[in-house]
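So the structure is just underneath, and the comments pick up after that.
The values are calculated or read from the model by the stated rules, or taken from the named source; none is laboratory data. None of the values given here were measured: they were computed from a predicted structure. Here Cβ is always computed from backbone atoms with ideal geometry, including for glycine, and neighbour counts include all displayed protein chains. All accessible areas refer to the heavy atoms of the entire protein, side chains included, with ligands and DNA or RNA removed. Shrake-Rupley method; radii C 1.70, N 1.55, O 1.52, S 1.80 Å.
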Amino acid sequence: MNLSRRRLLGSAGVGAGAAALGLHAAGFSSGTAWATPRFSGDPFRLGVASGDPLPTGVVLWTRLAPEPLALDGRGGMPERSVTVEWQVAEDERFGRVVRAGEVAAVPELGHSVHVEVDGLAPGRGYWYRFRSGRELSPVGRTRTAPDPLAAITGPATDPAAVSFAFASCQCWYDGFYTAYRHMAAEDLDFVVHLGDYLYESGVGPTAGVRCLELDASFQRETYTLSEYRNRHALTRLDADLQAAHRAFPWILTWDDHEVENNWAADVAQWDSDGFPDADPEAFRARKAVAFQAYYEHLPLRLPQRPDGADVRMYRRLGFGGVLDLHVLDSRSYRDDQVCGDGTKPGCDVERSDPARTMLGAEQEAWLLDGAARSGATWNVLANQTLVAQVDQDPDPAVLASGLDMWDGYTAARDRLLTGLYERGAANPVVLTGDIHRSVVADLRLDFADEASPVVATEFAGTSISSGRDGAAMDQVGYDWMAPGVNPHLRWHNAQRGYTVLRLTSDELRADYRVVPYVTVPGAPVETAAAFTVEPGRPGAQPA
């Protein structure tokens, strides 16, 4: 499609209301700009995306990469800045352009762009696209958040609603992202991703499910910026993932595999085993390049751009009077896991140390204060690892705990649940990823006492592909739902998929969508179970 510069920029709001991250805004100076770019291929092969919707705007993302898996990590781009033009319109054919402008894609950020568009109307859909040189990007669809001051109107049978899906854990080598193709067909306002957007670990040349000739660098652990960039690019080349990004704005936070398995603040998993990242400063250097590559490939706002190994990922987004979404970072501030990583009995004294933290003091106070002040019907926490206590040993005399989960930080969990309860936070609900299975749980003040008050409901979602095909219930190992062992767990499933939530002032409903297999493409989708929660009555009930 040949689109003239005059038509692309148009006359409606050209450059208005956008904080575009360019050379000067980013503090970069890349020398000579590439005035008339001629790309070796389609520069938009990694797709487009939008994220972090506010009532008056969103952030738009793309990355110029005509050769996404180039071994130097530059995506086939030169060491020169490139102008990228962008448009936002009220219609898919771009007949009513409401915002437009241009931004510099710079090599220091892998030629990614993050355009923070403002001045849009609350609670409505828009379409967006980019152009660089003669190349036009795919069209993406996005949606702003509802007006936080607007009263809920309409008949009682049709209250205002917010619908979104959440997902996590998408190991490229383990399977196909078919679940995202089904997600893209849903009627959603946004998507929440809870972490493990990629996997940093290496894989043997025949160990992966997907058939694609890859350089040997993809078969080993990632450490350098170019390696992290290429692992992200490999992930983002998936057509189903791109479709879900084009369909809705995304709200993202990370877990561990965006850097390294089970990292904790500045402590690497292999801190005592002589690995290259064992030294804290070496691990901070690894974090810095991992964080940069993460930012370069996702629709994140400027406050989430890393400063070396430091970045503030936790943040809060509001959706009218229905939902306040508290996005957490449970990796960057936590204490190191006790007794090493994994699931083990014992270690009760160590894991219950009152000084131990999962969120860090600042984030913990931010969360509890914000939830207490919230005027929304629902306070939803976008969390990484399971909050509910889970005994993972079939012997009733032995309590085996997952020490990377909140079970390894019991005093921090007590502060969280007691804080929500005593401060009267309205209808707290926790969303969780990480565990490659779906779990619905009642979060009690005291998990050892079945009469203890239920403070919140936890909906843990399964993986998109990690763990390969899975099963409706665990076929090997210990069943978490064994009678009498974990009575606060309401449901358990180990298939792959995602979860859809619909929230109104009257009800929260969670539908667990699952696919029967991921090791070959084209799986159908079904709803394995559905649960509801009523305001003022914490705890899930089968729908």
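Data table
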| quantity | calculated |
| --- | --- |
| Residue among Thr385, Thr418, Thr343, Thr377 that alone is over 21 Å from Arg537 (Cβ atoms), at pLDDT 95 or above and among the β-branched types (Val, Ile, Thr) | Thr385 |
| Selection within region 357-386 - touching a helix residue (DSSP H, G or I) at 6+ places or on another chain (Cβ under 6 Å) and open to solvent by 10 Å² or more (accessible area, probe 1.4 Å) | Thr357, Leu368 |
| Those residues of region 210-267 which are among the β-branched types (Val, Ile, Thr) and over 17 Å from the mean Cα position of the chain (by Cα), in sequence order | Thr222, Thr224, Val267 |
| Scope region 421-456; condition surrounded by fewer than 21 Cβ atoms within 10 Å (Cβ to Cβ) and within 20 Å of Gly375 (Cα to Cα); matching residues | Tyr421, Glu422, Arg423, Gly424, Ala426 |
| First in region 525-543 and under 16 Å from Tyr512 (Cα atoms), second anywhere and of a type in the set (Asp, Glu) and open to solvent by 80 Å² or more (accessible area, probe 1.4 Å), Cβ under 6 Å, 6 or more apart | none |
| Criterion (over 15 Å from Ala49 (Cα atoms), aliphatic (A, V, I, L, M) and at pLDDT 95 or above) met by exactly one of Val115, Val88, Val98 | Val98 |
| Search result, residues across region 411-426 that are over 21 Å from Asp329 (Cα atoms) and not basic (Lys, Arg) | Tyr421, Glu422, Gly424, Ala426 |
| Test for Val98: is it within 30 Å of Asp324 (Cα to Cα) and open to solvent by 10 Å² or more (accessible area, probe 1.4 Å) | yes |
| Among (1) at pLDDT 95 or above; (2) assigned to a loop (DSSP other than H, G, I, E, B); (3) over 28 Å from the mean Cα position of the chain (by Cα), the one test that Val82 misses | (2) |
| Residue in region 24-45 that is in a loop (DSSP other than H, G, I, E, B), at pLDDT 85 or above, closer than 24 Å to Asp189 by Cα and open to solvent by less than 10 Å² (accessible area, probe 1.4 Å) present | no |
| Residue in region 220-234 that is open to solvent by less than 20 Å² (accessible area, probe 1.4 Å), outside any helix (DSSP H, G or I) and either of a type in the set (Lys, Arg) or under 30 Å from Val500 (Cβ atoms) (or both) present | no |
| Verdict on Pro354 being open to solvent by 30 Å² or more (accessible area, probe 1.4 Å), assigned to a loop (DSSP other than H, G, I, E, B) and over 20 Å from Ala426 (Cα atoms) | yes |
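Every residue, every condition in (1) crowded, with 18+ Cβ neighbours inside 10 Å; (2) touching a helix residue (DSSP H, G or I) at 6+ places or on another chain (Cβ under 8 Å); (3) at pLDDT below 95; (4) under 20 Å from Pro516 (Cβ atoms), yes or no:
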site: Ala156; (1), (2), (3), (4): no, no, yes, no
site: Val162; (1), (2), (3), (4): yes, no, no, no
site: Ala165; (1), (2), (3), (4): yes, yes, no, yes
site: Cys169; (1), (2), (3), (4): yes, no, no, yes
site: His182; (1), (2), (3), (4): yes, no, no, yes
